[in-house]
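Here the structure comes first, spelled out in structure tokens, and everything after it is commentary.
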Amino acid sequence: MHIAFAVGATQGAAKVTARARMGAMTGRMARTRRAALAEAVFERLAAADPEPKGELDSVNPFTLLVAVVLSAQATDAGVNKATKPLFAIADTPEKMAALGEEGLAERIKTIGLFRSKARHVVALSKALIDRYGGEVPRDREALESLPGVGRKTANVVLNIAFGEPTLAVDTHVFRVANRLGIAPGRTPREVEDELMKVVPPRFLAHAHHWLILHGRYVCKARKPACPVCVLRQICPWEPKTAGAPG
Ligand code: SF4
């Protein structure tokens, strides 16, 4: 018990130190400066990839909702592998609920946490039938009331399925926003709230995808590809200069 607490405390201190270092390195900018930087960031990301696409496969708002629930702590590629045959036979809440927890678990057993995810997906399918006529609601509160659906999942569905200007903050968005200093925050919610204040409205529809893809393929956690990054000239994150060509 004491050892676990000590380890937890050490990790907590390390996190705080890392955050402090990150804040110092990016320099905590005033919001007007961050907004100007955010505009420059999204202009460059948009120029490099005008129509960014999410990498989770889906065929309608319901299957998108299911795919996002299944993607927690799993890769998009791994989820797509399981959902391709699944969505071919169950692309509505009625068909999904009819599979039952066991039937669904069997079909998604290659995905981590598949038992609890199967339980959530069957329960949310039944809730959609009972409460929303089998339709995915275009409403944050309603979405977040569904089993297994949190703020991040609701944001993804509102943005991708309904074109709402929402911004889901996952691990990639969180890291990129903090490194660039455009939306520093200690929690996903803090980063989301800051991003909503500094991202120019014309970029909001795609901002989520640009940041995720940038974090996944370029601004990676352990070894960011700074030398080939389109944001290199404007990124204030100091460690990026090390080893990068001049
Ligand atoms: S320059 Fe490096 S740290 Fe900055 S956004 Fe690009 S990959 Fe990330």
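Readers should treat all values here as calculations from the given coordinates under stated rules, not as data from a laboratory. These figures come from a predicted structure and were not determined experimentally. Ideal geometry is used to build each Cβ from the backbone, glycine not excepted, and the neighbour counts take in all protein chains shown.
One table, with the values for the structure above:
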{"item": "Filtered residues of region 43-60 (kept if in contact (Cβ under 8 Å) with a residue 24 or more places away in the chain and either in a loop (DSSP other than H, G, I, E, B) or crowded, with 21+ Cβ neighbours inside 10 Å (or both))", "result": "Leu45, Asp49, Glu51, Pro52, Lys53, Gly54, Glu55, Leu56, Asp57, Ser58, Val59, Asn60"}
{"item": "Odd one out for Leu113, checked against (1) at positive phi; (2) without any contact (Cβ under 8 Å) to a residue 40 or more places away in the chain; (3) within 21 Å of the chain's Cα centre (by Cα)", "result": "(2)"}
{"item": "Region 61-93: number of residues that are surrounded by 14 or more Cβ atoms within 10 Å (Cβ to Cβ) and in contact (Cβ under 8 Å) with a residue 40 or more places away in the chain", "result": "11"}
{"item": "Failed item in (1) in a loop (DSSP other than H, G, I, E, B); (2) more than 10 Å from the ligand (Cβ to nearest atom), with Lys152 passing the rest", "result": "(1)"}
{"item": "Residues of region 63-98 satisfying the condition of being assigned to a helix (DSSP H, G or I), under 18 Å from the mean Cα position of the chain (by Cα) and not charged (D, E, K, R)", "result": "Thr63, Leu64, Leu65, Val66, Ala67, Val68, Val69, Leu70, Ala77, Gly78, Val79, Asn80"}
{"item": "Contacts under 6 angstrom Cβ, first residue in region 218-229 being under 18 Å from Val173 (Cβ atoms), partner assigned to a helix (DSSP H, G or I) and within 8 Å of the ligand (Cβ to nearest atom), 6 or more apart", "result": "Cys219/Val176"}
